[in-house]
1. Could you tell me whether region A:10-73 comes out rounded, prolate or oblate from its Cα gyration tensor? Rule is a ≥ b ≥ c as square roots of the eigenvalues, rounded for a/c under 1.5, then prolate if a/b exceeds b/c, otherwise oblate.
2. How far, in nm to one decimal, is A:Ala143 from itself in the other copies if the label point is set 7 angstrom along Cα toward Cβ? Shortest first, please.
3. Within a 10 angstrom radius of each residue's Cβ in A:184-192, how many Cβ atoms of other chains show up on average? Whole number is fine.
4. Could you report the buried accessible area between A and B, both sides summed, computed with a 1.4 Å probe and given in Å² to the nearest 100?
5. Let me know the shape class of the protein assembly as shown, please: from the alpha-carbon gyration tensor, a ≥ b ≥ c as square roots of the eigenvalues, rounded when a/c is under 1.5, otherwise prolate if a/b is greater than b/c, or oblate.
6. Would you mind computing, in nm to one decimal, how far apart the modelled labels at A:Arg122 and B:Val65 are, each placed 7 Å from Cα along Cα→Cβ?
7. Please state the relative contact order of chain B as a whole percent: Cα pairs under 8 Å, 6+ residues apart?
8. How tilted is helix A:10-23 with respect to the longest principal axis of chain A? Cα atoms for both, answer in degrees (0 to 90, nearest 10).
Protein chains: 2
Amino acid sequence: MSEIQRPGALYQQVAAAIRDAILAGEFPPGASLPSEAQLIQRYGVSRPTVRNAVSALRAEGLIDVQHGKGSFVRATGQPVVTVERRITRTAAGRFATHDGVEWEQAEEPSVHRTETTAATGRALGLGEGEEMFGCDRLLTDPATGARALHRVLIPLATAEGTPLAQAPDTEPAAAYELLTAAGHTLTWTETVQARMPLPDERTALQIPDATPILHTTRITRGTDDQPLLLEELRISADRAQVAYRITAEKAPARRAHA
Amino acid sequence: MSEIQRPGALYQQVAAAIRDAILAGEFPPGASLPSEAQLIQRYGVSRPTVRNAVSALRAEGLIDVQHGKGSFVRATGQPVVTVERRITRTAAGRFATHDGVEWEQAEEPSVHRTETTAATGRALGLGEGEEMFGCDRLLTDPATGARALHRVLIPLATAEGTPLAQAPDTEPAAAYELLTAAGHTLTWTETVQARMPLPDERTALQIPDATPILHTTRITRGTDDQPLLLEELRISADRAQVAYRITAEKAPARRAHA
DNA sequence: GGACGTCACTCGTCCTTACGAGTTATGAGT
DNA sequence: ACTCATAACTCGTAAGGACGAGTGACGTCC
């Protein structure tokens, strides 16, 4: 039934028909889709064609497929965490990183020594293969269940002569205070990248199909704009977004753009 | 030949074998992979299996497949644009948005009237279905060829009584000046999301397989923290990253986190 | 009543065959 | 020498069949 024939390939027509049915509410979020056998009957096509169509919807992130159980419409509008990337400082000089999320540590922090990679080395102004302290944390937001991978990298040059050398698992806000106490005036820049997750990130962050991760990299610089500290935060992009405040900087006029 | 049998499904073994060959340098970036027919011979499997393996590598973003031509190892380390999301203001009160990228307009700005969607409406504090001015621009960075979709949405309430009502294609920096002249003190917040591209975004931004887009949303607020203006920037995540400066805000202490 | 095995149902994998569609090189014709 | 049709590649789509593997419910057996 359901004479379909409009746009392109057959499987795309089937995919479009299923997509329309989902969007029309025939299959509400969380509901199970008809089985492959039923779709074959319903649209009068072969199994490879049905599987191809289902596969396309899966790549779109519209449905989830579970072996032995069936296909299910992915729950939309699941709670999205907004991670505010802010730093506050009290009059007393105490720093706090204020994400707007009450992260909890899902595991003990994992402290280790690593070497710079191409990316982290460049960001920290170091050569490749230089040693650093590293501290990984798996964070969860109990309110929504969102997970995040947090990593702090401290070059040996930064830790030297400070309590950081003995406690590489110091939390960032405390590290800011130590560095300020050491005479630094701190500035921060943060870059945001998106990419498909690596296999270990998929499992650690419980990332579904067709979902990228947000990868933020915060560089703390001291006096002379010298990079002192690197923090990474990786989150599943379907569960979280990141937010920044922008303040107008006083600057000589350059050129405007679109 | 090439007796393969280690991990799981056949097509995964084939995919792993091809992946290893690529990483081992047998097929350097940009080089063409053996054709499907050759892979069938080489690994002694059927065409669906080969196609399944190739499809997996494609989903990983490791290769690109072109109809009629063949499969090619995706070039890595292509130039990545860092889009600095900054706003500057001269002593004379002139604003400039300073992205660190010299965007050029690839097409004429497309001006139209739209209605708020669920996402843009909530961000602007409006109900759904309210009318706005919209202006879309397709930008390119001549230095790297990166492309971006830029959109400005102006609620009618904001435009009313200002030159914006007659010129919805005003560039953001100029709009900031108009709003400041109208008595507003502006603040900006920007959220960053990542998701897989929609079909029209894929074509407009020339996004390859398995590549997400970065979607930034900047809200301009005036006096009373009332949302006045919304800007969106969408970029292919394999060509660009976005960057922010974070300044420590004076604030009463709350609680620190990891 | 509870434990366990079987069975029916789901999707996953793999094969064979066939044809369509895009690309490029070859060669004949002008 | 140039133009253009053809041929020989490439991947894309579609059908059919067969079996394996995970899941859950049902019914039997203890």
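1. Since a/c stays below 1.5, the shape of region A:10-73 is classed as rounded.
2. Counterpart label points of A:Ala143 in the remaining copies fall at 3.9 nm.
3. Numbers: counts 0, 0, 2, 4, 5, 6, 6, 8, 13.
The mean count of partner-chain Cβ atoms within 10 Å per residue comes to 5.
4. Summing both sides, the interface buries roughly 4600 Å².
5. Oblate, because a/c is 1.5 or more while a/b does not exceed b/c.
6. Rounded to a tenth, the inter-label distance reads 3.1 nm.
7. 16 percent
8. So the inclination is approximately 70 degrees.
The values are calculated or read from the model by the stated rules, or taken from the named source; none is laboratory data. Just so we're clear, the structure is a prediction, and the values are computed from it rather than from any experiment. Ideal geometry is used to build each Cβ from the backbone, glycine not excepted, and the neighbour counts take in all protein chains shown. Only protein heavy atoms, including side chains, enter the accessible area calculation; ligands, DNA and RNA are left aside. Shrake-Rupley method; radii C 1.70, N 1.55, O 1.52, S 1.80 Å.
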